[in-house]
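Read through the structure below, which is laid out as structure tokens, and then see the notes.
The values are calculated or read from the model by the stated rules, or taken from the named source; none is laboratory data. Predicted model, so just to flag it, every value in this text is computed and none were measured. Here the Cβ positions follow ideal geometry from the backbone for every residue, glycine too, while neighbour counts run over all protein chains shown.
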Amino acid sequence: MDKDWAEKNKEIQNLLSKEATFGAAIEKLIEFREELFQQITWIVEGYPEKAFYQLPFAGAKGYHSKTLAYSIWHIFRIEDIVAHEMIAEDGQILFREKYLKKIASPIITTGNELEGKEIADFSKKLKVQELYLYAKAVKESSDKILLQLEYKGLKRRFNEDTKQKLIESKCISEDENAFWLIDYWCGKDIKGLIQMPFSRHWIMHIEAMRRIKNRLCKIARKGADPAAICGLSCNHCFLGEWCGGCRTEYNTCSFATCSEGRICPNVKCCNEKNIDGCYECGELEACEKGFFMPSNDGANAAKAQSLYIRKYGKKEFRNVQTRLHEKYEFEKVQEILGQDYKEALRILEEN
Ligand code: SF4
Ligand code: SF4
């Protein structure tokens with residue numbers, strides 16, 4: 001488990017055990033859930049549709065053997081069922097807010113019964129943006145439920161009626177890989193439920209989602225030109241685990257994700273000029289588009305690197321980048337090259 005997330009989770013579980021710190025535990029849990037949810041937001045905002053139904057670890061054992069879409073569905077179906085059928089008893093968000101139709105899901109269950117290709121086929125049918133909105137709605141409603149909980153209510157347990165209600169809801173498949181969930185949840189008190197569907201279950205699946213997207217980016221990068229269109233080096237970029245590079249569909253470079261149609265202005269401009277990159281452009285020195293915007297901290301470094309490619313070619317550019325990154329961390333290299341592009345070009349030439 002991610003060390004930082006494991007520590008945060010441990011701290012929350014400890015605070016949850018005492019009445020005096022119960023309020024702080026809930027506050028920290030909500031904050032932590034927000035942090036974890038941000039990972040899902042970045043993935044949904046950054047990746048193309050097809051990323052959500054790929055199984056880059058098909059056949060593996062573990063949470064990472066699923067797809068991105070399945071992981072989101074599964075985390076929030078479980079939370080929706082537990083939060084609204086068991087704790088609040090006020091009806092699931094999936095039905096109340098008509099998300100089933102909006103997401104176009106063929107199932108209402110948690111998905112535990114699906115395996116391998118079934119997971120990929122199921123994921124392909126889902127409307128990811130709606131799925132994301134569903135996840136967000138479930139999270140927000142669960143946060144409200146968490147805020148209303150009282151310490152003395154943590155020991156509340158569930159009886160046969162709850163079990164029966166869960167069975168009748170048909171939200172848990174009768175498949176042996178899923179049906180055990182009913183006994184598992186009903187064997188816990190509210191505190192036990194907070195410790196699993198509302199926190200640890202998130203961590204395990206979101207961590208797996210990070211592995212899935214890292215792998216997808218790695219696959220996308222294979223064979224792609226590592227010289228970014230603006231002149232940065234994708235092979236040395238700190239966003240390597242998040243971005244497949246701007247010549248692939250897995251481009252999550254900041255200027256791509258915040259631009260219309262998720263196309264970086266420099267990529268768009270180069271495509272319009274039918275050139276390989278900004279290093280082939282006669283307007284490079286004076287350009288203030290996209291990554292070269294004066295307010296962008298990385299503008300000078302990128303411009304200097306583009307100029308270097310123009311003068312010495314991509315092979316020598318890759319070599320100088322490797323030499324620089326052997327000496328310094330990515331941020332330091334960007335800082336060294338970030339002052340003035342002419343000076344930065346000189347530094348590159350000296351290395
Ligand atoms: S953020 Fe830019 S430089 Fe970094 S990997 Fe993505 S495209 Fe390449
Ligand atoms: S005008 Fe600017 S963004 Fe467009 S190709 Fe030239 S250097 Fe790149």
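Brief remarks on what is shown
- Here Arg310 fulfils each of the conditions (1) more than 26 Å from Pro48 (Cβ to Cβ); (2) near ligand 2 (Cβ under 10 Å from one of its atoms) apart from (2).
- Any hit, region 291-300, residues being part of a loop (DSSP other than H, G, I, E, B), under 20 Å from Val333 (Cα atoms) and acidic (Asp, Glu): yes
- Total residues in region 86-116 satisfying the condition of being farther than 30 Å from Leu149 by Cα, of a type in the set (Lys, Arg) and over 22 Å from the mean Cα position of the chain (by Cα): the figure is 1.
- Positions within region 251-282 being loosely packed, with under 13 Cβ neighbours inside 10 Å and farther than 21 Å from Leu348 by Cα, in sequence order: Cys258, Glu260, Gly261, Asn271, Glu272, Asn274
- Residue in region 205-225 that is within 30 Å of the chain's Cα centre (by Cα), crowded, with 23+ Cβ neighbours inside 10 Å and small (Gly, Ala, Ser) present: no
- Verdict on Ile229 being within 16 Å of ligand 2 (Cβ to nearest atom), of a type outside the set (D, E, K, R) and without any contact (Cβ under 8 Å) to a residue 12 or more places away in the chain: no
- Meets criteria (farther than 19 Å from Ile108 by Cα and not small (Gly, Ala, Ser)) for Ile190: yes
- Hits in region 216-233 - residues which are in a loop (DSSP other than H, G, I, E, B) and either closer than 24 Å to Leu345 by Cα or hydroxyl-bearing (Ser, Thr, Tyr) (or both): Asp225, Pro226, Ala228, Ile229, Cys230, Gly231, Leu232
- The residues listed here are Glu285, Glu316, Glu349; of these, the one that is out of contact with any helix residue (DSSP H, G or I) (no Cβ under 6 Å at 6 or more places or on another chain), within 28 Å of Thr257 (Cα to Cα) and assigned to a helix (DSSP H, G or I) is Glu285.
- Ala227 being closer than 18 Å to Gln334 by Cα, more than 10 Å from ligand 1 (Cβ to nearest atom) and in contact with an Asp or Glu (Cβ under 9 Å, 6 or more places away or on another chain): no
- Options Gln164, Gln129: the member that is more than 27 Å from Lys28 (Cα to Cα), surrounded by fewer than 16 Cβ atoms within 10 Å (Cβ to Cβ) and touching a residue at least 60 places away in the same chain (Cβ under 8 Å): Gln129
- Scanning region 65-111 for residues that are under 24 Å from Ile43 (Cα atoms), charged (D, E, K, R) and in a helix (DSSP H, G or I) returns Arg77, Glu79, Asp80, Lys101, Lys102.
This table checks each residue for (1) within 28 Å of Ile167 (Cβ to Cβ); (2) surrounded by 15 or more Cβ atoms within 10 Å (Cβ to Cβ).
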site	(1), (2)
Lys10	no, no
Leu16	no, yes
Ala60	no, no
Lys66	yes, yes
Glu79	yes, yes
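- Here Lys213, Lys222, Lys273, Lys188 are screened, and the one residue that is basic (Lys, Arg) and within 10 Å of ligand 2 (Cβ to nearest atom) is Lys273.
- Those residues of region 234-260 which are at pLDDT below 85, outside any loop (DSSP other than H, G, I, E, B) and more than 16 Å from ligand 2 (Cβ to nearest atom), in sequence order: Thr257
- Of the set (1) without any contact (Cβ under 8 Å) to a residue 12 or more places away in the chain; (2) over 22 Å from Phe179 (Cα atoms), all apply to Glu89 but (2).
- Residue check for Tyr341: buried (at least 21 other Cβ atoms within 10 Å of the Cβ), away from ligand 1 (no atom under 16 Å from the Cβ) and over 30 Å from the mean Cα position of the chain (by Cα): yes
- Ile26 being aliphatic (A, V, I, L, M), more than 23 Å from Ser105 (Cα to Cα), buried (at least 17 other Cβ atoms within 10 Å of the Cβ) and touching a Leu at 6+ places or on another chain (Cβ under 7 Å): yes
- Exclusive hit being more than 15 Å from ligand 1 (Cβ to nearest atom) and of a type in the set (Asp, Glu), set Glu249, Glu260, Glu241: Glu260
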